[in-house]
Amino acid sequence: MIDNYNRQINYLRVSVTDKCNLRCRYCMPEEGVPHREHKDMMTVDETFMAIKAAAELGIKKIRITGGEPLVKRGIINLCREVAEIPGIEEVCMTTNGILLPQMAEDLKAAGVDRLNISLDTLDPEKFHYITRVGQLQDVLDGMKAAEEAGFENTKINCVLMGGFNDDEIEDFVNLTREKPIEVRFIELMPIGGGIGFDKQQFVSCEEVLKRVPELEPMNQEDGVAKLYKIPGAPGRVGLIRPISCEFCEGCNKIRLTADGKIKPCLHSDLEIPLKGLMQEEMTEALRKSILDKPERREELDADNPSRAGRDMNQIGG
Ligand code: SAM
Ligand code: SF4
């Protein structure tokens, strides 16, 4: 469906839970999510219905996210059912990878097309620090499991944080010399836990190009990522600049939160409720959400935090 600013909206990001088995400092509070009544959260059946309604309006790509989507009970069945909805061409998932050793094969069999795995450091101690509770080896095992299950074109999401992982930029880029993966550097956003970060920690993606001048731009753009390559390497590097660039003009997505609200723009507090509606009513609410999608986000930098009004684990990235 085309919105009021002539953008083709064909991508829905679905946060299936706000719960997570990690506690990344830039994302969610240490104590985890506030308790919510079960009745206030979308059931798997309601989420499926919402995606079906979205498909009727021309949504073609679904990204399952969270919180951590793999901790959601019934996630494999949901993926299988979503992959079969007429009109849905691509089902992707963003995960921290911790549970992939147990679940990668089932996800593949359920029809999930591609995975984005979040990984901000290759150092076990730094990993434990930034996630507050996690073990790096679990994610590395998860990446291996994804490859063995047959997932291709896996993307690694790395949030750039000055003084934390900017010294690992070369190491991350080097991963693309070995395997046909895409390492995506993402600028830290002042949203959720990211709001408390020091100004100096907001590092622009330009830093990647300064550190690795060998990177050559590719002609392709992949939605929000500008793509680069080390000549001759099998993989590629994506730069996602939510702070230093504004990509609202080409934004093709809307988001569904785990408590059943459509967010037409990540950084706006505008939310349209779907929970409790029948499928036709959901279609109408989605239509309205697309038409109400703001033209652009407001100013966003360390001094002007996001107006999203939620932590990232509640929105899904
Ligand atoms: N738990 C899954 C994961 O970590 O991949 C999916 C949900 S997580 C909210 C989705 C993405 O949002 C992750 O890649 C994470 O690094 C990113 N993210 C969370 N908070 C962020 C922030 N303040 N700035 C930039 N990216 C953020
Ligand atoms: Fe969990 Fe993902 Fe947020 Fe980390 S970024 S706390 S893994 S939801």
Quiz item: Which residues, taken from segment 266-281, are among the aliphatic types (A, V, I, L, M) and part of a loop (DSSP other than H, G, I, E, B)?
Solution: Leu266, Leu270, Leu274, Leu277, Met278
Quiz item: Among the residues of segment 127-143, which ones are surrounded by 18 or more Cβ atoms within 10 Å (Cβ to Cβ), among the β-branched types (Val, Ile, Thr) and over 16 Å from Thr154 (Cβ atoms)?
Solution: Ile130, Thr131
Quiz item: among the acidic types (Asp, Glu) and at pLDDT below 90: does that describe Glu214?
Solution: no
Self-check item: Selection from segment 155-173 of residues that are farther than 23 Å from Asp113 by Cβ, open to solvent by 10 Å² or more (accessible area, probe 1.4 Å) and in a strand (DSSP E or B)
Solution: Val159
Quiz item: Is it the case that Leu12 is in a strand (DSSP E or B) and either more than 15 Å from ligand 1 (Cβ to nearest atom) or touching a helix residue (DSSP H, G or I) at 6+ places or on another chain (Cβ under 7 Å) (or both)?
Solution: yes
Quiz item: What is the one condition in (1) touching a residue at least 40 places away in the same chain (Cβ under 8 Å); (2) open to solvent by less than 50 Å² (accessible area, probe 1.4 Å) that Arg236 does not satisfy?
Solution: (2)
Quiz prompt | Test: Glu284 is on the phi < 0 side of the Ramachandran plot and in a loop (DSSP other than H, G, I, E, B) | solution = no
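One line per residue, one yes/no per condition, for (1) touching a residue at least 12 places away in the same chain (Cβ under 8 Å); (2) closer than 30 Å to Asp292 by Cα; (3) within 16 Å of ligand 2 (Cβ to nearest atom):
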residue	(1), (2), (3)
Asn4	yes, yes, no
Arg13	yes, yes, yes
Gly32	yes, no, yes
Gly58	yes, yes, no
Val71	yes, no, yes
Ile88	yes, yes, no
Cys92	yes, yes, yes
Lys108	yes, no, no
Asp120	yes, no, yes
Quiz item: Is it true that some residue in segment 237-256 is part of a loop (DSSP other than H, G, I, E, B) and in contact with a helix residue (DSSP H, G or I) (Cβ under 6 Å, 6 or more places away or on another chain)?
Solution: no
Practice problem: Scan segment 41-54 and report the pairs whose first residue is more than 15 Å from Pro69 (Cα to Cα) and whose second residue is assigned to a helix (DSSP H, G or I) and among the acidic types (Asp, Glu), with Cβ atoms within less than 8 Å and a gap of 6+ or a chain change. | Solution: Ala53/Glu280
Quiz prompt | Number of the exception - Glu152 against (1) open to solvent by 20 Å² or more (accessible area, probe 1.4 Å); (2) under 20 Å from Arg236 (Cβ atoms); (3) in a loop (DSSP other than H, G, I, E, B); (4) in contact with a Gly (Cβ under 7 Å, 6 or more places away or on another chain) | solution = (4)
Quiz item: Of everything in segment 168-200 that's under 19 Å from Ala146 (Cβ atoms) and touching a helix residue (DSSP H, G or I) at 6+ places or on another chain (Cβ under 7 Å), which residue is nearest to ligand 1 (Cβ to nearest atom)?
Solution: Val183
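The values are calculated or read from the model by the stated rules, or taken from the named source; none is laboratory data. Note that the coordinates shown come from a computational prediction; the quantities given were computed from them, not determined experimentally. When we count neighbours, we look across all protein chains shown, and the Cβ atoms used for this are built from the backbone with ideal geometry, even at glycine. Heads up: the accessible areas ignore ligands, DNA and RNA and are worked out on the full protein's heavy atoms, side chains in. Shrake-Rupley method; radii C 1.70, N 1.55, O 1.52, S 1.80 Å.
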